[in-house]
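Taking it in order: structure first as C-alpha cells, then the write-up.
The values are calculated or read from the model by the stated rules, or taken from the named source; none is laboratory data. What you see is a predicted model; the values in this text were computed from it and never measured. Neighbour counts are summed over all protein chains in view; Cβ atoms, including those assigned to glycine, are modelled from backbone coordinates with ideal geometry. Note: accessible area is taken over every heavy atom of the protein model, side chains too, but ligands, DNA and RNA are not part of it. Shrake-Rupley method; radii C 1.70, N 1.55, O 1.52, S 1.80 Å.
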Amino acid sequence: MKKWVADKLICPECIEEQVRLELKIMENISDDVLEGELYCSSCSGRYPIREGIGIVLPKKTRGVIMEDRGYNAPNMLSAYMWSHFCDLINDPQATEAYRVWSANFQESEGDALDIGCAVGRLSFDLSKSHKRVIGIDTSIAFIRKAREILNRKQIDFDLIVEGHITEPRTCNLNGNWDLGSVDFIVADALALPFPEHSFTTVAAINILEKVPDPMKHLFEVDRVLKENDATFLFSDPFSWDEAVSPPELWLSGNGNEQYSPRGIDTMRRLFAGEYGVFKPPFRIRADGNVSWKIRKTANLWEYITSQYLIGSRA
Ligand SMILES: C[S@@+](CC[C@H](N)C(=O)[O-])C[C@H]1O[C@@H](n2cnc3c(N)ncnc32)[C@H](O)[C@@H]1O
C-alpha cells in the first residue's frame, strides 16, 4: 500500500469522529508499504498491511477476507479479468463497456475513488484524468490481482476454458495509464475509511445491488464526495437478490411506493435531491445503457445491461 493512501485513511469504526489512522511500517520498498499496520488512537483498532495489501475493514465485515468462495474464488478471477481487460487482449467477443464508462471522465485536479473496483480496470482508466485514484473492494483476491498488475505492469491471467482447463492470456498495459498514481485497498463500501469530501470523482459501477444496504452505500458516496466541482459515475443492472439485501431495502422492484418501479428512475430522483441523500444534488450530465459481459467459461456467459447516470456538482 502506497504511503499517500495511508495519509488519506480514517478508522472505519470511527467514521463520525473522522479519526486518522497512524501508519507503522515494518517493511517497505520506496513509498510502497509491504508489511505494517494502521492504528486508531481512538478505538485502538488495528488494520494490517500484509504483502502490500491494506485491509481497512470494520469488524462487522472483516470475515469476508477469509472466504474462498464468491468474489474470492479462482473462477471469479478468470471471469472478472476477462470482463475488465477483454478489449486489451483483443478478444473477438470483447465489449466496449469500460470505454463507454471512461469516455465520460473529466480532467480533474482532485482524487478519484472507485468503489467495488474488482481487478481495477476503471481505476486504471481514471488515472488518465485524476491526480490520484484509490480502488476499494472487499475481495482480497481481486485487490491482490489489481496490485499485481500495478507492480508487474502487465496483464497476465489464466482464462478458464472448461473445468480445470485454462489458457494463458497476457498483454502489456495501456500506455496512457499513470500507474504511480493508483492504488488498491480492501475496504467496505458501507464504511468507507476516508474523511468527508475527500474525492472529486466517485465511481460506483455494478455494486449498488451487491451491498446489503444500498441506501447506506449512497450516503457513503455523498459523504466522501466533494460538495463542489464533483462527479458521481453510477451504473447498475438493478438485478436485486434477496441473498444479498432484504427486499425492503431495494430501491426499486419491491412494490414500495416511495420508490419508482425501475431503479434507474429512483436513481434519477436521488440525483435530483429527493430523499435527502445527495446534498447538494447532481445535474445529470450523461446517461445511457452499457452492454457488459462476464465470461465464466467458454460456454457460459452473463450478458448484462448496466444503466448509468453521470452527475455533476458545479
Ligand atoms: C458485480 S462486481 C462489479 C465490479 C466492478 N465495479 C465492475 O463493474 O466490473 C461487484 C464488486 O463489488 C465488490 N463488493 C461487494 N460488496 C462490497 C462491499 N461491501 N464493499 C466493497 N466492495 C464490495 C465485489 O467484491 C465485486 O468486486
Checklist line | Lone unmet requirement of (1) assigned to a loop (DSSP other than H, G, I, E, B); (2) open to solvent by less than 30 Å² (accessible area, probe 1.4 Å) for L270 | finding: (1)
Next item on the list: Would you check which residues across segment 276-300 are touching a residue at least 60 places away in the same chain (Cβ under 8 Å) and of a type outside the set (D, E, K, R) and list them?
Entry: V277, F278, A286, G288, V290, S291, W292, I294, T297, A298, N299
Check: So which pairs qualify, if the first residue must be in segment 197-213 and on the phi > 0 side of the Ramachandran plot, the second must be outside any strand (DSSP E or B) and more than 9 Å from the ligand (Cβ to nearest atom), the Cβ gap must be under 6 Å, and the two must be at least 6 apart or on different chains?
Finding: H197/K226
Margin query: Within segment 159-181, does at least one residue satisfy the condition of being modelled with pLDDT under 95 and within 19 Å of L9 (Cα to Cα)?
Written below: yes
Note to self: What's the number of the only condition in (1) away from the ligand (no atom under 13 Å from the Cβ); (2) open to solvent by 20 Å² or more (accessible area, probe 1.4 Å); (3) assigned to a helix (DSSP H, G or I) that E107 fails to meet?
What the structure shows: (3)
Checklist line | strands (runs of 3 or more DSSP E) (entirely within segment 136-227) containing at least 3 residues that are surrounded by 20 or more Cβ atoms within 10 Å (Cβ to Cβ), more than 14 Å from the ligand (Cβ to nearest atom) and assigned by TED's automatic domain parsing to the domain that holds P281 | finding: 154-162
Margin query: Please pick out the residue among S260, S235 that is within 16 Å of the ligand (Cβ to nearest atom), of a type in the set (G, A, S) and either touching a residue at least 24 places away in the same chain (Cβ under 8 Å) or open to solvent by less than 60 Å² (accessible area, probe 1.4 Å) (or both).
Written below: S235
Check: Are there any pairs, at least 6 apart or on different chains, whose C-beta atoms fall under 7 Å, with the first in segment 63-88 and more than 10 Å from the ligand (Cβ to nearest atom) and the second assigned to a loop (DSSP other than H, G, I, E, B) and at pLDDT below 90, and if so, which?
Finding: L88/N174
Item checked: Only listed residue being surrounded by 14 or more Cβ atoms within 10 Å (Cβ to Cβ) and closer than 25 Å to V182 by Cβ, chosen from I29, I15 -> I15
Margin query: Go through segment 32-58 and report how many residues are exposed (fewer than 14 other Cβ atoms within 10 Å of the Cβ) and touching a residue at least 60 places away in the same chain (Cβ under 8 Å).
Written below: 1
Next item on the list: State which residue is surrounded by the fewest Cβ atoms within 10 Å (Cβ to Cβ) when the search covers only segment 273-306 and only residues that are within 21 Å of the chain's Cα centre (by Cα) and in a loop (DSSP other than H, G, I, E, B).
Entry: V277
Margin query: Given (1) crowded, with 24+ Cβ neighbours inside 10 Å; (2) within 15 Å of the ligand (Cβ to nearest atom); (3) assigned to a strand (DSSP E or B), identify the lone condition not met by V119.
Written below: (3)
